[in-house]
Structure formats: structure tokens, C-alpha cells
Amino acid sequence: MKRALQTATLLLIAASFLLHWKLAAEAGSLRQDTAVLQLRLICQQRDAEALRQQLAAPPAGSGETRATTAPSGSPTQAEQVRARELLEREVEQVRGLKFLQPLVYRSMKSAEFKNFLVKKIREEYTPAEVRDYSRSLAMIGLVPEGVDFEARVMEVMDEQVAAFYDQDKGELYTFTDSPLTGNLNRMILAHEMTHALQDQHYHIQRWPLKRKDDDDLVSAHMAVLEGDATVTMQDIYKRALHWKTALADLQTALAQDMGKLARAPRYFRDMLLFPYQEGRAFIEELQRIGGPALVDRAFQKPPTSTAQILHPEKFYPKRQEPAPAEPEVKTEPGWRRLESNVVGEFGVIVLLRQYGHETDAAAIAEGWRGDRYAAFEAAGGDGWLFWRSIWASEAAAKRFANAYRDVVTRRNVRRQPAVTLELKQNGSRVDVALRTPPATSETGTAPARKQ
């Protein structure tokens with residue numbers, strides 16, 4: 001499910017990158033030669049029209065229907081194919097890998113994407129599994145109780161998307177009615193081409209991206225994929241950078257409707273953005289200390305936790321793997337197991353930030369060494385959660401224990417009936433037993449924490 005969700009956030013990442021780069025340019029951090037910039041601008045203007053509708057029609061032999069003649073002023077099919085081929089060569093040069101086989105392009109209308117996504121989700125999750133997953137997250141406090149997880153996913157994905165790579169079939173999809181043209185078109189298409197390169201060289205279909213019992217592992221793997229593609233996308237854009245076109249591109253990106261993503265629960269937003277933002281920083285750090293060889297090592301043996309993404313020194317030179325943390329479960333007859341999963345360091349950050357710990361969440365979560373929870377539903381509807389976490393020291397465990405007590409206290413301010421918490425700390429281990437009766441009321445937002 002997480003892999004399918006990433007496409008909704010790519011435009012947001014593109015917009016934030018363009019804003020960052022424009023500000024850097026205005027600050028004088030770009031020292032490229034003026035003549036080279038002018039030449040690149042001329043080339044960009046020359047190529048812009050040919051690239052304008054490159055997403056609208058696939059190359060010959062892809063099995064898709066299309067108009068036999070192009071409208072006046074539009075690029076011909078041959079020009080569209082050539083534009084893609086040129087971009088493929090540029091992606092190869094920037095990423096340092098060669099395509100091992102021709103890319104397969106498919107196209108669809110934006111309105112068709114929702115049904116495509118529903119089918120993808122149904123291949124991985126039944127409606128009951130989606131409900132169980134959503135309630136488990138709500139028990140911990142990661143998402144609001146009663147949130148319709150699948151409906152929120154559909155809302156976010158209903159926003160504008162420009163392209164995506166389907167690793168299950170090894171096909172790159174574009175949208176015939178995409179509003180994006182020119183540089184943004186090239187950026188996003190280059191991002192998805194990079195995913196195709198990754199797949200051909202590192203067999204992404206074999207990665208545990210569909211694993212249902214370790215969200216932290218999936219997020220770490222996603223950070224490698226999306227971080228690498230985002231760095232490549234940025235480098236492609238920088239090659240033709242000019243402040244005038246950057247401003248126009250920024251305006252186009254910011255004009256896209258991102259309201260539904262902004263209104264989504266914070267856990268959705270932060271977890272969706274993590275692979276792009278933190279993944280990019282992770283890849284850039286690997287490039288800095290070890291060059292392309294170290295990036296390739298991350299693909300050969302990917303990180304296994306968000307802690308390794310947030311702290312690259314825990315990935316290289318010496319890997320710090322998550323500590324085993326099986327919770328102590330006490331069940332009763334009639335209880336139904338919902339799921340078992342891992343929150344991870346970044347998940348702890350997101351959790352604490354929602355309940356008054358905006359400034360110290362990262363410092364508290366940095367002591368994370370491992371965790372796992374098991375969620376159950378009793379016959380009467382009560383939810384039961386057993387969560388064990390391992391921390392770097394007794395002091396780190398105590399700090400988290402105090403913070404999580406505060407989280408539950410804040411939840412109970414606006415919840416009836418109250419959540420019942422039993423928390424025990426034993427050295428560097430924290431055990432949580434949480435009873436969450438079905439909520440009859442939940443209003444307002446978490447009160448601010450006193451500093």
C-alpha cells in the first residue's frame with residue numbers, strides 16, 4: 001500500500017525542491033557561467049514544445065490507441081519518442097546505470113487511475129485487513145480513531161499525478177491529460193525512469209515492499225528507492241536551470257491541487273513524505289562519504305530501519321540492526337488478532353509530534369533500538385494493544401516512557417471513554433498494555449504541552 005501512495009506526493013516534492021533551488025539561486029549560490037546558462041535556456045525553449053505532450057502518446061509497439069495525426073503545432077509521434085529516448089540517455093548518465101532492456105510505456109487518463117489504484121490495493125489487502133490496520137494505528141495514537149483509511153488514501157490519490165512506475169509489471173505509466181509540461185514533465189518522468197533503472201538492476205519486485213508486519217522496514221526500503229530517484233530528478237533539472245524557468249516551474253507546481261494531502265491525517269502526510277525528503281538526504285550523504293559505490297551498496301543490501309535512514313552512520317560503516325522486541329501478550333478467549341507490526345524511530349517521532357512534543361520528539365525517538373506491537377479486538381469491541389520497545393539506555397527508555405504517558409493523557413482529555421494504559425519500564429525496555437474501548441466521543445485537538 002505504501003508504494004502505491006508515493007505518487008501522490010511527488011509533485012509536492014518537486015515544488016519544494018524548486019522553491020529551495022530558486023532561493024539558493026537568488027542568494028548567489030549558483031555560480032554557473034552566463035553563456036552556458038543562455039545556451040541551455042535556448043535548448044530548453046527549443047525542446048519545450050516537443051516535450052509538451054510527450055506524456056500524451058506512447059511509443060509505437062506499446063499496444064495503446066492514439067491519434068494517427070498530431071494537432072497543428074504539436075510534436076509528432078516520432079518527436080515524442082525521440083524526446084523520451086533523449087531523456088532516458090540523460091537519466092542513464094546522471095544515475096550511472098544503463099537500461100538493460102527497453103522501457104515499456106503505457107498511458108491512461110487521470111480518471112482511470114483511481115480504479116487502477118483500488119485494484120492494486122485489493123491485490124495486497126482485503127477490506128477487513130485495511131480496517132484492522134487502521135484500528136491498530138489508532139490504538140497507538142498514530143491516526144484518529146474511526147478514520148476511513150482506504151477513503152483517505154483514495155482522496156489523496158485523486159489529486160494530480162503525472163507518471164508512475166508499476167514495478168509489478170515493469171511498465172512506466174503516463175497520463176494523457178496531465179497538466180504538467182516542460183521542465184516539470186521532464187523532472188517527474190526522469191524520477192519514474194530512475195525507478196525503472198533501479199528495477200532492472202536491483203530487481204525491486206523481490207524487495208519486501210508488500211510486507212505487512214514491518215512498516216519500518218518497508219519505509220526504509222522505500223527511502224532508498226525514492227531518495228535515489230529524487231536526487232536523480234534534481235540533478236536532471238539542475239542541468240537546464242535558469243531562474244526564469246525555475247520561477248515558472250514553481251508557479252506551475254504550486255498551482256496543482258494538494259489540498260487533500262494537506263488535510264490528510266498527519267501520520268499519512270509524514271509517512272508519505274519520508275521516503276522523498278529523508279531518503280534524499282540519506283542518498284546525498286552516502287554520495288558524499290562513499291560516492292556511487294556506496295549508493296549501489298544500499299541497493300544491494302538495503303537499510304532495515306528508518307533509524308538507519310535518519311542516521312546514516314547506523315548504516316555505514318557499521319550497520320546497527322533493530323533489536324528484537326516481541327511484546328508480552330496476554331489474551332483472553334474470544335479475542336481476535338488484528339495485526340503485528342513495527343512503529344520504528346520515525347513512527348515514534350510522528351506519534352509524539354501529534355501530542356505536544358513537536359520540539360523534542362526527534363531527540364526522544366533517537367534512542368530507539370527496536371519495537372513491535374500486537375493488536376487485538378475483544379468480542380465486545382474493546383481494542384487491546386501490547387507494545388514492547390527497546391532503547392539505547394535506561395535513561396532513553398525513561399524519557400520515552402514519560403512522553404508516551406503524556407500522549408495517552410492528552411488523548412484522554414478529548415476522548416470518552418478513556419484509554420487505559422499500563423506501562424512498565426525495565427532497564428532499557430518499555431512494555432505498554434493499552435485498552436481502547438470504542439470511542440463514544442472525541443472532539444477538539446490535543447492540548448498544547450507546557451514548556
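Met139 passes all but one of (1) assigned to a loop (DSSP other than H, G, I, E, B); (2) surrounded by 15 or more Cβ atoms within 10 Å (Cβ to Cβ); which number fails?
Here Met139 clears every test but (1).
Which ones in region 289-310 are surrounded by fewer than 21 Cβ atoms within 10 Å (Cβ to Cβ) and among the small types (Gly, Ala, Ser)?
Gly290, Gly291, Ala293 - these are the residues of region 289-310 that are surrounded by fewer than 21 Cβ atoms within 10 Å (Cβ to Cβ) and among the small types (Gly, Ala, Ser).
Quick test of your reading of the structure: Tyr173 fulfils all but one of (1) more than 14 Å from Pro265 (Cα to Cα); (2) at pLDDT below 80. Name the failing condition by number.
Only one criterion in (1) more than 14 Å from Pro265 (Cα to Cα); (2) at pLDDT below 80 is unmet by Tyr173, namely (2).
Return the residue satisfying two criteria in turn: it lies in region 155-170 and is among the hydrophobic types (A, V, I, L, M, F, W, C), outside any strand (DSSP E or B) and under 25 Å from Asp216 (Cβ atoms), and of such residues it is modelled with the lowest pLDDT.
Only one residue tops the list, namely Met157.
Looking at the structure I just gave you, is Ser107 at pLDDT 80 or above, surrounded by 18 or more Cβ atoms within 10 Å (Cβ to Cβ) and part of a helix (DSSP H, G or I)?
So Ser107 fails the test.
Six or more apart or on different chains, Cβ under 7 Å: which pairs go from a residue in region 271-297 that's more than 13 Å from Val224 (Cα to Cα) to one that's surrounded by fewer than 16 Cβ atoms within 10 Å (Cβ to Cβ) and of a type outside the set (Gly, Ala, Ser)? Could you list them?
none
I'd like to check which strands (runs of 3 or more DSSP E) are fully inside region 336-451 and have at least 2 residues that are touching a helix residue (DSSP H, G or I) at 6+ places or on another chain (Cβ under 7 Å) and of a type in the set (A, V, I, L, M, F, W, C).
So the answer is 368-377, 383-391, 420-426, 429-436.
Of the residues Glu145, Glu129, which is in a helix (DSSP H, G or I) and assigned by TED's automatic domain parsing to the domain that holds Tyr267?
Glu129
Out of (1) part of a loop (DSSP other than H, G, I, E, B); (2) under 25 Å from Tyr125 (Cβ atoms); (3) not assigned by TED's automatic domain parsing to the domain that holds Ile140, what's the single condition that is false for Pro302?
All conditions pass for Pro302, except number (3).
Anything in region 87-140 that is aromatic (Phe, Trp, Tyr) and within 26 Å of Ile236 (Cβ to Cβ)? List them, or say none.
Correct list: Phe99, Tyr105, Phe113.
Starting from region 232-243, take each residue that is surrounded by fewer than 15 Cβ atoms within 10 Å (Cβ to Cβ) and list its partners that are in a helix (DSSP H, G or I) and modelled with pLDDT under 70, counting only C-beta distances under 7 angstrom and pairs at least six apart or across chains.
Listed by first residue and then by second, the contacts come to Trp243/Lys22; Trp243/Ala25.
Can you find a residue in region 191-201 that is assigned to a helix (DSSP H, G or I), modelled with pLDDT under 85 and more than 18 Å from Thr230 (Cβ to Cβ)?
No, every residue in region 191-201 fails to be assigned to a helix (DSSP H, G or I), modelled with pLDDT under 85 and more than 18 Å from Thr230 (Cβ to Cβ).
Going through region 113-126 one residue at a time, which ones are among the β-branched types (Val, Ile, Thr) and either within 19 Å of the chain's Cα centre (by Cα) or not assigned by TED's automatic domain parsing to the domain that holds Pro265 (or both)?
Val118, Ile121
The values are calculated or read from the model by the stated rules, or taken from the named source; none is laboratory data. Nothing here was measured: the structure is a model prediction, and the numbers come from that model. Please note: Cβ atoms are built from the backbone with ideal geometry, for glycine as well, and neighbour counts cover all protein chains shown.
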